[in-house]
Amino acid sequence: MKFITKVYHPNVSSASGAICLDILKDAWSPVLTLKSTLISLQSLLCSPEPNDPQDAEVAKHYMTSKSSFEETARYWTMIYAGGPGKGGVPKATKGGTMDEVAMAGLEKAHVDQFEAIGFERSKVIDVLRRLNYRGANVAKINDDRVVEELLK
C-alpha cells in the first residue's frame, strides 16, 4: 500500500508515496482487513509520528515549525489532491500559486536576504532546507554559517 497522490506528511515519503506504518511491514497479519488497515492509516495521518518518519525532511519541518508545516501540507493538498485548503489560498502565494520557497516551508524574507547578496535562489533554498532554517531554529543558526554552506 502506498500513496499515488503526493502527500506532505512525516510518515509518508514525498518522493515515492511509501507509508511508514507497522501493519504494512513487520506487524502484518492475514487477519487484518482492508477496513482495519485504512482505519490505522487514517489514524496515522491524523496523528503523525515524527520520531519514526518515512520522510526525515518533512518530520524536521513538522517538529520545528508546525504552523509552517501545516501551511505547506495544506498547499500540497490543494495542488496535488484538489483540496480547498484552510481559508482559501495560503499566505505565501501569489495569484493562487505557491512558489518554491513556500513549498520548502521557508520564509521568503530569509531566502531574499541571501539572494540579495548574490547567491542563486535554488541554492539558497537547498541550503536553508538542509540547515532546517525554520521557526525557532532561525535564531540558532547565524548568517555566517548559512554563507559558509552556500559557498561550498
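The values are calculated or read from the model by the stated rules, or taken from the named source; none is laboratory data. Values in this document were obtained by computation on a predicted structure and should not be read as measured data. For neighbour counting, all protein chains shown are included, and Cβ atoms are generated from backbone atoms with ideal geometry for every residue, glycine included. For accessibility, only protein heavy atoms count, side chains too; no ligands or nucleic acids. Shrake-Rupley method; radii C 1.70, N 1.55, O 1.52, S 1.80 Å.
Restricting attention to the range 18-67, report how many residues are open to solvent by 90 Å² or more (accessible area, probe 1.4 Å) and closer than 30 Å to Leu106 by Cα.
7
Identify, by number, the condition in (1) in contact with a Gly (Cβ under 9 Å, 6 or more places away or on another chain); (2) outside any loop (DSSP other than H, G, I, E, B) that Ile39 doesn't meet.
So Ile39 meets the others, but not (1).
Ala104 fails exactly one of the following numbered conditions: (1) modelled with pLDDT of 85 or more; (2) open to solvent by less than 40 Å² (accessible area, probe 1.4 Å); (3) closer than 21 Å to Glu149 by Cβ. What is the number of that condition?
All conditions are met except number (1).
Can you tell me which residue in the range 1-17 is nearest to Arg129 (Cα to Cα), limited to those that are crowded, with 17+ Cβ neighbours inside 10 Å and touching a Leu at 6+ places or on another chain (Cβ under 9 Å)?
Selected residue: His9.
In the range 108-149, what count of residues is obtained for those that are among the polar types (S, T, N, Q), surrounded by 14 or more Cβ atoms within 10 Å (Cβ to Cβ) and farther than 20 Å from His61 by Cβ?
Going residue by residue through the range 108-149, those that are among the polar types (S, T, N, Q) are 113, 122, 132, 137, 142.
Narrowing further to those that are surrounded by 14 or more Cβ atoms within 10 Å (Cβ to Cβ): 113, 132, 137.
Filter again for farther than 20 Å from His61 by Cβ, leaving none.
Residues that pass the stated criteria total 0.
Got a number for residues in the range 10-32 being part of a loop (DSSP other than H, G, I, E, B), in contact with a helix residue (DSSP H, G or I) (Cβ under 9 Å, 6 or more places away or on another chain) and more than 21 Å from Lys66 (Cα to Cα)?
Total satisfying the criteria: 4.
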